[in-house]
Amino acid sequence: MGEQYSMEEEPRIGGVFGAIAGLLGMSVIAGALVAALGMPAIAVSTGVASSAVGYWDVLPDYITLGEQSNRTRIFATQNGEPVQIASIYEQNREQVEYEGISQSALDAAIAAEDPNFWQHNGVYLPSLLRATADVLAGNDDAGGSTITMQLVRNELVAESQRYVQSDPELADRLFTEATETTPARKLQEVRYAIALEKEYTKEQILAAYLNIATFGNNLYGIQTAAHYYFGVDASELDANQSAALLAIVQSPNALRLDREENLERNDTRRGYILDNMVEEGLLPAADAAALKQERPALNIQQTQNGCMSSRLPWICDYVRNTVANDEAFGENAAERRAEFRRGGYDIYTTIDIDVQERAQQIMTDRAPATAQGYDLGAASSGVEPGTGRIQYMVQNRALDETAAGSEGTTALNYNADSWMGGSSGFQSGSTYKAFVLLEWLQSGRSLDDNLDSRRRAFTGFQASCQPGSMEAWDPKNFTTQPDRMTVRYATTNSSNTGYAAMAEQLDLCGIRDMAQSLGVHRADGRDLEFYAPTILGTNEIAPLTLAAAFAGIAAEGRYCDPVIIDRVVRAGEELPVPDANCRQAFDPQVADVAIGALEDVYNGTGRAARPSGSTPVFAKTGTADDYRQSWIAASSSTMATASWVGNVTGGENGQNLSRATINGSSARLVSHYFSRDMLSYANERFGGEAWPDAGPRVVLPATPGAPGDPNVQQGVVPDLAGLTVAEAGPLLDSLGFTLVEGEPVNSGYSAGRISFSNPAAGSAAPEGSPITVYASNGVPRS
């Protein structure tokens, strides 16, 4: 009879009794059974029976049928229908209800393992005692466990496996207790079996047994075995297939059907089961005789396990890390990862297979996995504006989680943050200027404002969140730039000195806060830096983060956290999923005016990335020092993308991409060409709407009492620079704010004149907010 001790191969029943010390051990078991079953204590001494009853009374009263380890499945969408893209499991099991198992399979289980199943109450005493006697006589092949007793044993083993990851020592102890060959363990098994029969129906017990049984090759449960060996559901199994599967249960590795050397042994056991079915009146003798001559035809259906074998490996990987990092799936990361492998989730993602595979094909065409002399990496993510739903996530290197790895592969998702299975990020270059532009416009300034863009040491930077002197900075441009330019020109042509001149008039902390309002953060988990050079993208950021930020701009300031899971179902129950947490980061007019300037980037640094078609799009390009990284973030109203190509090595060890050639073009333009091709496809498929023509400046309702002043608006911190504290007080009062004086600071303003405020000028703030002002102490900044 199949005992099913472990995950793959069980000890024989004789091993249990071999450890019982002769007749005394048999007497203890028999005495307890007599007490439990209320039978006459024939041939069992009163003392032994009494002792056994005493031991029986201290055993636990019951065991419950736990949820077994099930495989997790991940789905994407194709033509509007869910399609499985990955299967993850510790034990390859798909549970099925009693009604989902064919009568032939149910009959075969009874005939093979427990012909008296429908009559006994969990323990069949004659078989158990006969088996004990046989063992004492030296025959360790005898069986004595009912289906209910086998289920108890397998449930206890399964319980031990739940702790393999979180508490290995506990797992080992529970496994030993479940499988040790002692009278105590056998008595516990008997008591639990009787308790199970009181708590559950026979149908529930038989279904649980067939769901927990092992069928070789890490196959658990009758449904999984039916699909793997024969390509059918458990409900479709015929008598011959059922007998062949139940034959495996006796010795899973020795009788599994996918090994040629096992087939004759399986035939023998299959014939035995068919004969038993005849004997029990479950199958006509003529049918059994015919079936014994005909081995059931195999139709092996391989089941892939893990993200590496997934149809969409990087999507699987990101889903896996989403589960590991979200408290909705467990109290800690270890528990969440374990549940992902064994919890039986059906996870439905935001991904459309056609979009993902088109993006991957474009990436493969544009960025090879290897490039001679360069540690080349490339990645791109797409996010839907207004929802945060991830639309695609691709990179040039395949997923390889093996210890050795291989050339052109990686275990890191370049699109993601480090805690989401990604790298530490990449310097985002001038794409970060988009956040400077937004802060500029939110403070009431204009795209037509004229800038002194001469190259020089800029010394006027301020940071309200870090009072004190800021270091001077002497940025350079990659191309020749005029000495004076408008903000629009600086944006189109990505002028570093032009943007330095803008940042000098803003609060660096306000620029950082603007970026953070759009979800921007460092991929390594450190705080977002805000010193002057950060306006040119020195913070290391993941492509997905930048794509989500540009989706927020495209949605007119409505930012949503990027999400990849639409639904999670477990055992028919809908579970909570990570929330996109959509919120308005800034006034829609700010986004509309900024988009008007960013659309012009396609006439400047983004010429090579202009997509085909007439769908309105905007973009911002970026490069890191010495062209080690090259970016473009771009968006329509239906898809925002961020595409990166660069050096995986990073830092000073990274090579200059402008000196490399890929497919006949400069390597630094790979991201531009990808963006062009991807948005051309997306525009044709999804289309997009135009944004309002908002002009060069944000125009918000003027504050009562200050008509026509664009810098004084209700709910917005006014520009107080140059005012005295006495002048600023009434103005703040009229707006519903409270003035708080901070410590005087070094400043170019004369003593007593306000240098800056916190929150910074242009920041939105609720009524009643304290506004801290920092007046000059009369000492110029060094």
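Using Cα pairs under 8 angstrom and six or more residues apart, how large is the relative contact order of the chain, in percent?
Working: 1692 pairs, mean separation 86.2, N = 782.
Relative contact order, the chain: 11 percent.
Between ARG259 and ALA398, 0.36 nm times their residue separation minus their Cα-Cα distance comes to what?
Length difference between fully extended and current span is 46.9 nm.
Along the Cα→Cβ direction, 7 angstrom out, place labels at TRP118 and SER614. What is the inter-label distance in nm?
About 7.5 nm separates the two model spin labels.
Compute the normalised compactness of region 293-333: alpha-carbon radius of gyration over 2.2 N^0.38 Å, N being the residue count.
1.95
Give me the number: length gained by fully extending ASN777 to ASP483, i.e. 0.36 nm times residue separation minus the C-alpha to C-alpha distance, one decimal in nm.
Length difference between fully extended and current span is 102.6 nm.
Where in the chain are the DSSP H helices whose C-alpha atoms run 20 Å or more along the long axis and whose mean Kyte hydropathy is at least -0.5?
Within the chain the helices that satisfy the rule are 22-37, 147-161.
Provide the FRET efficiency to the nearest 0.05 for the ARG455-ARG659 pair, computing r from the beta carbons and using R0 = 22 Å.
Once rounded, the FRET efficiency stands at 0.35.
Once you treat every alpha carbon in region 526-636 as an equal point and sum by Debye, what is log10 I(q)/I(0) at q = 0.24 Å⁻¹?
Reported log10 I(q)/I(0), two decimals: -1.42.
Can you bin region 330-370 into rounded, prolate or oblate? Criterion: square roots of the alpha carbon gyration tensor eigenvalues sorted a ≥ b ≥ c, rounded for a/c under 1.5, prolate for a/b above b/c, oblate for the rest.
It comes out prolate by the Cα gyration axes.
Using alpha-carbon pairs under 8 Å, 6+ residues apart, how would you state the relative contact order of region 353-422 in percent?
Relative CO of region 353-422 lands at 27 percent.
What's the FRET efficiency of GLU280 with GLU97 using the Cβ-Cβ distance as r and R₀ = 22 Å, to the nearest 0.05? Could you put the intermediate results ahead of the total?
Numbers: r = 24 Å, r/R0 = 1.08.
Computed FRET efficiency for GLU280 and GLU97 comes out at 0.40.
Once you have a ≥ b ≥ c as the square roots of the Cα gyration tensor eigenvalues for region 440-549, tell me rounded if a/c is under 1.5, and otherwise prolate or oblate according to whether a/b is larger than b/c.
Prolate.
What is the extension gain from ARG570 to THR538, computed as 0.36 nm multiplied by their sequence separation minus the C-alpha to C-alpha distance, in nm to one decimal? Show your work: numbers first, answer last.
Numbers: separation 32, 0.36 × 32 = 11.52 nm, distance 4.32 nm.
Separation in residues times 0.36 nm, less the Cα-Cα distance, equals 7.2 nm.
What value, in deg cm²/dmol to 500, does the helix sum -39500 (n - 2.57) over DSSP H runs of n ≥ 4 give at 222 nm once divided by the residues of the chain?
That calculation yields -11000 deg cm²/dmol at 222 nm.
Measure of size requested: the Rg and Dmax of region 251-316, with Cα atoms as the atom set and Å as the unit; please supply both.
Over region 251-316's Cα set, Rg and Dmax evaluate to 17.9, 55 Å.
How would region 433-493 be classified by its alpha-carbon gyration tensor: rounded, prolate or oblate, with rounded meaning a/c under 1.5 and the a/b versus b/c comparison settling the rest?
Here region 433-493 falls in the oblate category.
Here are labelled values, (i) 71, 30, 21; (ii) 45, 32, 24; (iii) 45, 36, 24, and one is the computed semi-axes √(5λ) of the Cα gyration tensor in Å for what I pasted. Which one?
(i)
Each label point is 7 Å from the Cα along the Cα-to-Cβ direction; what then is the distance between the points at GLU727 and GLU294, in nm?
Here the answer is 10.1 nm between the modelled labels.
Evaluate E = 1/(1 + (r/R0)^6) for THR409 and ALA333, where r is the Cβ-Cβ distance and R0 equals 22 Å; express this FRET efficiency to the nearest 0.05.
That pair, THR409 with ALA333, gives E of 0.35.
Treat region 462-510 as a sphere of radius equal to its Kirkwood radius over Cα pairs and apply Stokes-Einstein at 20 °C in a medium of 1.002 mPa s; give the translational diffusion coefficient in µm²/s, rounded to a whole number.
D, rounded to a whole number, is 180 µm²/s.
Cα atoms only, region 175-305: Rg and Dmax in Å?
Spelled out, the Cα radius of gyration and Dmax of region 175-305 are 16.5, 46 Å.
Based on C-alpha coordinates, I'd like the Rg and Dmax of region 185-238, in Å.
Answer for region 185-238, Rg first and Dmax second: 14.1, 40 Å.
Tally Lys/Arg at +1 and Asp/Glu at -1 over every other residue whose Cβ is under 10 Å from the Cβ of ASN240; what's the total?
Working: positive: ARG270, LYS292, ARG295; negative: ASP238, ASP287, GLU294.
Charge balance in the 10 Å sphere: 0.
Modelled label-to-label distance, GLU743 and ASN325, 7 Å Cα→beta-carbon offset: nm?
3.6 nm
Mind counting lysine pairs for me in the chain? Cα separation below 30 Å, and the two need to be 8 or more apart along the chain or on different chains. Can you show the working numbers first?
Numbers: LYS186/LYS198; LYS186/LYS202; LYS202/LYS292; LYS433/LYS476; LYS433/LYS620; LYS476/LYS620.
Final tally of qualifying lysine pairs is 6.
Computed from the coordinates by the stated procedures, all read-outs in this text should not be read as laboratory data. Model, not experiment: these values are computed from the prediction. Note that each Cβ is placed from the backbone with ideal geometry, even for glycine, and that neighbours are counted across all protein chains shown.
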